[in-house]
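Presented below is the structure to which this report refers.
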Amino acid sequence: QTLKSAIMEAVSQVKEGNIDSAETALNKALKTQIKVFDRGISFTDTKKSLQFFHQNIQAYPTGIKHLDDENIGPAPGELFVILAPPNKGKTFCMVQIGKACAMARLKVLHISLEMSEPLMAQRYMQTFFSLSKRKAEITVNRFVHDERGRLTTFTTEELKRPTLQDSNMESQLTTKLNKLKNRIQLEIKRFPTGALTVDGLEAFLDGNERLYGFTPDVLLLDYADLMKLDYKNLRTSTGEIYKELRRIAVERNIALVTASQSNRLGEDSRVITLKHLAEDYSKAATADNIVAY
């Protein structure tokens, strides 16, 4: 009966030109299993009601010590949001999280809605291998102490960092990446700005799982505000997108990370808070963790 209903729904969606929605309906039907009625948890059934002692959710690493020490980061079944004004490093922050999770042997999928796949790969190269984009000399001050640990003087040293413009950098990176082939599982995909729907995202995840056996542990969506929205009801549509993303995180038990721009009030603020969330304040109620920068 579930399959019949899904086929009818898929046919209806195809007639309307919604191919992604049709594929999503069929995939959900194929994954549906008959489940025995679950009454939930009885408060006095200690085996179940006290399970929280053994189910402490450990957040995935961000590579940022202060956050990792406080167990703040993306976690399975949760929505993690980075809040910052425009052009302040939201994408690079997500790249940093992707790198840290990939180094922890987690499967990472980075979906970009604004930057091309080669440019996103470039940012990951810079982050993984500490590369500057352009040639740059860095001045480093080194402090000199005496035998009692007191500062006596300091010296200045000029350092040259490796850059993407170095003549042999491509061959060096080729050698390094070949060594990481079976250790790093990081996929990068770009969708046009304003074109990706929730159904399209789910269809892509299902296709990756079915065709390539790739089911991500961490999904980085850069970023949710650039998905396809109903511009006649922008605020409501934005809030619904965040609810749907959290649903996907819970249903698929993956850590979902996205970013949100602050509103105009955040432009001149020294400290960004929840009141600076752009468009819909309900994002704050939907997200499990919000880190403001």
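Across the stretch 227-261, what is the total count of residues that are over 17 Å from Leu109 (Cα atoms), of a type in the set (A, V, I, L, M, F, W, C) and touching a residue at least 40 places away in the same chain (Cβ under 8 Å)?
2
Looking at the stretch 171-185 only, could you name the residues that are among the aliphatic types (A, V, I, L, M) and either outside any loop (DSSP other than H, G, I, E, B) or touching a Leu at 6+ places or on another chain (Cβ under 6 Å) (or both)?
Taking the stretch 171-185 as the starting set, the residues that turn out to be among the aliphatic types (A, V, I, L, M) are 173, 177, 180, 184.
Answer for the stretch 171-185, where residues must be among the aliphatic types (A, V, I, L, M) and either outside any loop (DSSP other than H, G, I, E, B) or touching a Leu at 6+ places or on another chain (Cβ under 6 Å) (or both): Leu173, Leu177.
So is Met120 among the hydrophobic types (A, V, I, L, M, F, W, C), open to solvent by less than 50 Å² (accessible area, probe 1.4 Å), touching a helix residue (DSSP H, G or I) at 6+ places or on another chain (Cβ under 9 Å) and part of a loop (DSSP other than H, G, I, E, B) or not?
Numbers: among the hydrophobic types (A, V, I, L, M, F, W, C): yes; open to solvent by less than 50 Å² (accessible area, probe 1.4 Å): yes; touching a helix residue (DSSP H, G or I) at 6+ places or on another chain (Cβ under 9 Å): yes; part of a loop (DSSP other than H, G, I, E, B): no.
Taking the combined requirement at face value, the residue does not satisfy it.
Out of all the residues in the stretch 77-87, is one or more within 15 Å of the chain's Cα centre (by Cα), open to solvent by 40 Å² or more (accessible area, probe 1.4 Å) and either more than 23 Å from Ile57 (Cβ to Cβ) or among the hydroxyl-bearing types (Ser, Thr, Tyr) (or both)?
no
From (1) of a type in the set (Phe, Trp, Tyr); (2) within 29 Å of Thr197 (Cα to Cα); (3) part of a helix (DSSP H, G or I), pick out the condition that doesn't hold for Tyr60.
Only one criterion in (1) of a type in the set (Phe, Trp, Tyr); (2) within 29 Å of Thr197 (Cα to Cα); (3) part of a helix (DSSP H, G or I) is unmet by Tyr60, namely (3).
Sort through Ile97, Ile72 and tell me the only one that's crowded, with 21+ Cβ neighbours inside 10 Å and either charged (D, E, K, R) or in contact (Cβ under 8 Å) with a residue 60 or more places away in the chain (or both).
Testing whether each residue is crowded, with 21+ Cβ neighbours inside 10 Å and either charged (D, E, K, R) or in contact (Cβ under 8 Å) with a residue 60 or more places away in the chain (or both) leaves just Ile97.
Scan the stretch 147-170 residue by residue and report those that are under 17 Å from Ser132 (Cβ atoms) and assigned to a loop (DSSP other than H, G, I, E, B).
Within the stretch 147-170, Arg161, Pro162, Leu164, Gln165, Asp166, Ser167, Asn168 meet the criteria.
Which members of the stretch 100-113 meet the condition of being open to solvent by less than 40 Å² (accessible area, probe 1.4 Å) and in a helix (DSSP H, G or I)? Steps first, please.
Initially, the stretch 100-113 is screened for residues open to solvent by less than 40 Å² (accessible area, probe 1.4 Å), giving 100-102, 106, 108-113.
Answer for the stretch 100-113, where residues must be open to solvent by less than 40 Å² (accessible area, probe 1.4 Å) and in a helix (DSSP H, G or I): Ala100, Cys101, Ala102.
For the stretch 211-260, how many residues are part of a loop (DSSP other than H, G, I, E, B) and in contact with a Gly (Cβ under 8 Å, 6 or more places away or on another chain)?
5
Restrict the check to the stretch 96-105 and report whether at least one residue is among the polar types (S, T, N, Q), touching a strand residue (DSSP E or B) at 6+ places or on another chain (Cβ under 8 Å) and more than 26 Å from Lys243 (Cβ to Cβ).
Looking only at the stretch 96-105, we keep the residues that are among the polar types (S, T, N, Q), and these are 96.
Narrowing further to those that are touching a strand residue (DSSP E or B) at 6+ places or on another chain (Cβ under 8 Å): none.
No.
Looking at (1) over 23 Å from Gly17 (Cβ atoms); (2) exposed (fewer than 15 other Cβ atoms within 10 Å of the Cβ); (3) among the acidic types (Asp, Glu), which is the one condition that is false for Asp230?
Evaluating Asp230 over (1) over 23 Å from Gly17 (Cβ atoms); (2) exposed (fewer than 15 other Cβ atoms within 10 Å of the Cβ); (3) among the acidic types (Asp, Glu) leaves (1) as the failure.
Filter the stretch 191-247 for residues that are within 18 Å of the chain's Cα centre (by Cα) and among the hydroxyl-bearing types (Ser, Thr, Tyr); which is nearest to Gln13 (Cα to Cα)?
Filtering the stretch 191-247 for residues that are within 18 Å of the chain's Cα centre (by Cα) and among the hydroxyl-bearing types (Ser, Thr, Tyr), the one nearest to Gln13 (Cα to Cα) comes out as Thr197.
Identify all residues within the stretch 181-207 that are farther than 22 Å from Thr91 by Cβ and open to solvent by less than 70 Å² (accessible area, probe 1.4 Å); write none if there are none.
Selection gives Asp199, Glu202, Ala203, Asp206, Gly207.
Pairs under 7 Å by beta carbon, first residue within 17 Å of Lys228 (Cα to Cα) in the stretch 15-27, partner assigned to a loop (DSSP other than H, G, I, E, B), six or more apart or different chains?
Short answer, once both residue conditions are applied: Asp20/Thr197.
Pick from the stretch 277-293 the residues that are assigned to a strand (DSSP E or B) and not polar (S, T, N, Q): which of them is modelled with the lowest pLDDT?
Restricting to residues being assigned to a strand (DSSP E or B) and not polar (S, T, N, Q), the top hit is Leu277.
The values are calculated or read from the model by the stated rules, or taken from the named source; none is laboratory data. Note that this is a predicted model, so its numbers are computed, not measured. Every residue, glycine among them, receives a Cβ derived from its backbone with ideal geometry; neighbour counts consider all protein chains shown. Keep in mind that these areas ignore ligands, DNA and RNA; they rest on the heavy atoms of the full protein, side chains included. Shrake-Rupley method; radii C 1.70, N 1.55, O 1.52, S 1.80 Å.
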